[in-house]
1. Could you let me know the centre-to-centre spacing of segment C:18-77 and segment B:1-68, using Cα atoms, in angstrom?
2. On C-alpha positions alone, give me the angle between the axis of helix A:223-239 and the longest principal axis of chain A, in degrees, nearest 10.
3. Could you point to the residue in A:C550, A:L146, A:W426 farthest towards the positive end of the protein assembly as shown's charge dipole, with +1 and -1 charges on the Cβ of Lys/Arg and Asp/Glu respectively?
4. List the lysines whose alpha-carbon lies under 20 Å from that of A:K118, not counting same-chain residues fewer than 8 positions away?
5. Net charge within 12 Å of C:A31 by Cβ-Cβ distance, Lys/Arg positive one each and Asp/Glu negative one each, not counting C:A31 itself?
6. In whole angstrom, note down how far apart the Cα centers of segment A:460-519 and segment C:142-180 are.
7. Give me the percent relative contact order of chain A, please, defined on Cα pairs under 8 angstrom at least 6 residues apart.
8. 7 Å from Cα along Cα→Cβ at both A:W508 and A:L598: what's the point-to-point distance in nm?
Amino acid sequence: MTNSLPETVLALLPFYPLISFLLLIGFGKRLSWHMAAILSVGSMALSAISSFVVINQLSVQSPILTVHLWNWFELGLEGSLTAKINISFYLDGLSAVMISVVSGIGLLIHIFAAAYMKEDENFTRFMAYMNLFIVAMLILVLADNLVLLYLGWEGVGLCSFLLIGFWYQEKANVLAARKAFIVTRVGDTAMAIGLFMLFKELGQFNINALTENANMLWTVGDDAPYWIALLLLGGAVGKSAQLPLQTWLPDAMAGPTPVSALIHAATMVTAGVYLIARMNGIFLLAPEVMNYVAWLGATTLLLAGIAALAQNDIKRVLAYSTMSQIGYMMLSLGAGAFSAGVFHLMTHAFFKALLFLTAGAIILALHHQQNLFKMGGLLKRLPFETALFAIGLVCLMALPGSSGFFSKEAIIAQLWSSNTAGPMLWYCAIFGALLTSIYSCRLFFLAFMGEKRFDHELQPSSSKLLKLSLIALAVLSLIGGIFANTIELSLSAVFPSIEPLNLDEPHWLHSVAIAAPFVGILFSWFYFSNYRGSNKENYQDNPSALVLFCRLGLGFDRLYDLLLVKPYCYLARLNKNDLFDQLIMLNAWYVGICHDVLKSSQTGKLRWYAAAIGLATLLLLLTLNIESFSLEAS
Amino acid sequence: MSAIPLSHILILASILFSIGFVGVISRKNTLFILMSLEVMLNAVGVAFIGAGSAWHQADGQVMFILILTLAAAEVAVGLALLIQMQRRFKSLDIDLLSKLKG
Amino acid sequence: MSNSATSLSQAHLMMGLNSLQLMFYFAAALAIVASLKVVTGKNTVHSLLYLVVSLLAVAVCFYLMGAPFAAGLEVIVYAGAILVLFVFAIMMFGLGQDETLKAPQAHAFKLSNINIWFGPSLIAALLLAQLIFAIDNSAVQEKLTSNIIEAKQVGILLYGPYLLAVEIASFLLLAGLIAGYHFAKPEGVSLGHNDLDKQKETGGHS
């Protein structure tokens, strides 16, 4: 089979990081920092260049590029039919956006990580896991069937687990890794069941064929797509840290900061969004589920925003902010505004990666101090980082001109008259925007303004690589809006256009949406005024009960602990001496009894043994005699 | 000449065997047990010789000779054990040797 | 007349056979009685003498059964050698007194004695009944004739088809010899396994 050049490039895309991963894992200990960094970053660079090459091949005339690598396995159907599961990649507008985000932002974060983790003794292991993550993520977004997608899906979950627990010497990190793994496993199980159902109903896993068949077989509102969509939503909710499976994400911040940036902000957590967008054919057949998605997103968006208001750890603020922004994406998908959601996914990846990496640089300069109340006054001392962080926050708040503005406004604009959303959700989104700007301002005031509240000397990193990647991300965040039209165009081939309801949209909609963040800024300028002042006593972190409640993630952890973990542990303790073990031990007990009975015959007295032999002979003779007697009688 | 029925000889052997058996399981003195064993072995010899004579075969006597050897070896070992036992336990009570009680 | 003649001849026949047959039954009865005395005896040496009597009676039976060689062996080896071994052991190592009979239950009266003998006797009686029943019911109708089986025949068989059995018997005797020597060895004497033996001693005493 001969492939054209772009197809070959596409086929090789995930293999550069894979090779790098294998080399790093195999020879990690022998490689110097330079070698390992060049290997991992170089492979990422190759991947990034390849992705841009193949994306440029896509045009309006040929919006799709596929490449078949090999046949993975076959599933038997009724009769002699089989469903082939191929390793083949499928590139369209949606996956093009995703691979550009994954490999582009991945490259920048790899560069940052190479500098950030330089001193770590397990540097090669770290870079190997990062590379493996990129492999899995690329497979996830390029998969042309759901089984391959699931492989990537579980692969990124594994890497997330490995990287959260990267500093496994500390118990908290390991617990956080375990929590992330188990909580996402709940969603993944739902998703697996959804996949089984899908296969049972439609007999194949190829995504395009699935969508076609589903549209032929089912009409809008059927039961089968409803349940399948709901189960797939379960998987998406787990992976994207939406309500009610959101509790793992704040704890996942225990991992190194580049991990938080790459996996828990830019790429992996948006896999759920990607899944729903990819399976839009199924979801559109289940409008109720679309509605659930929208409400789920809105609820998460508000709750995460409220929780972010009360955090004192800079990374946890960003984590809740991530949840809230993914809530926006979910809301957008639920409203049928797929391309807006995917666009927000991209811009969010830019500015959230920027925010996390800048936060990482600040944390590094402050000797691993993450508490906001122990920062302050960084504006004068770290102007470069402050500027970058401010750019990130501006995008996050969606101030006009920034990339976040274009994507978020696109979402909000489509909510009011959507089939599956409505004015209520529009209000939620506006309130969410308000919350976003308030917690962003609080974060900025606490960290950068006021007096310095840390004891050590600052140690800003002088690494050029670090700065390079940060600047690149900042530029992307600022000018991300210019991709809006390109993306709109390329995604229009992927998503069906949905006719909005003919509602009378009030003329003030857009102005309110644009004004909301400014209102938030104004509010916090006055409300958090003491955070800007120079009085150190204002920074005492003595939270009220309400703040503490919000800081602990609105009590979800406590609730799950009470409802699930405690009863489960109780049951486990109860069943410590396994009930089924007891059944089997019954056997042993029976054998023991028999043993005791037989043992009592072992008197050690010779005469008894002789008597026993005599008795046995007696019985033997008796039977023989009876036999011969009865033979004679007959 | 004599025409003793084989069954009578076998009955004689059975009676002797039973007597020996009673001795083995009722006597506590190991020496008596040994002697009872001799009686039992002898009874078996009677049965063999009787059967051999009834069918005019010398095999019966051959078996008797083998039993004789067996008895000789057994008595040698048994008496040696008895001597050892007398030495250690100052008694010939067979019930004292019950260490292998389960 | 003829009737009475036949009955007479039968009687004569019986009488003619009677002398030897009677002898056989007499010897058998003697063997049984002597054996009973062996088993129930209280004095070791007396029992041993009864055993000699029993063996001699059985030797007579052998002779009457037409096996003079076996009878000779019975007298020489059994009543001679083996019994002498018993006597030596009893005399030389002081095994004479049956101290088990001095135990309380032996001195107690007949009730306890009956208790001791009752169970074994019952088993033995049942066993005997079975055996006799089996012998009676079996198709064995052979009678012993006056045919005498010579020592020569036995010898030919012994060193012909039974050669292997003879070899094994010789090994058995050798093993008995060695075992007898080893077990009956006085305590102080050893073949260089002093420590081992001492350990065994202490183990035996504890």
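We did not get these values from a lab; they are worked out from the coordinates using the rules stated. Just so it is clear, the structure is predicted and the values come from calculations on it, not from any experiment. No Cβ is skipped: glycine too gets one built from the backbone with ideal geometry, and neighbour counts run over all protein chains shown.
1. The two parts, judged by their Cα centres, are 11 Å apart.
2. 80
3. So the residue we want is A:C550.
4. Within the straight-line cut-off, A:K118 pairs with A:K29, A:K464, A:K467.
5. Neighbour charge sum, excluding C:A31 itself: 0.
6. Taking the Cα centre of segment C:142-180 as reference, the centre of segment A:460-519 is 114 Å away.
7. Over chain A, the number comes to 12 percent.
8. Result: 9.4 nm between the two label points.
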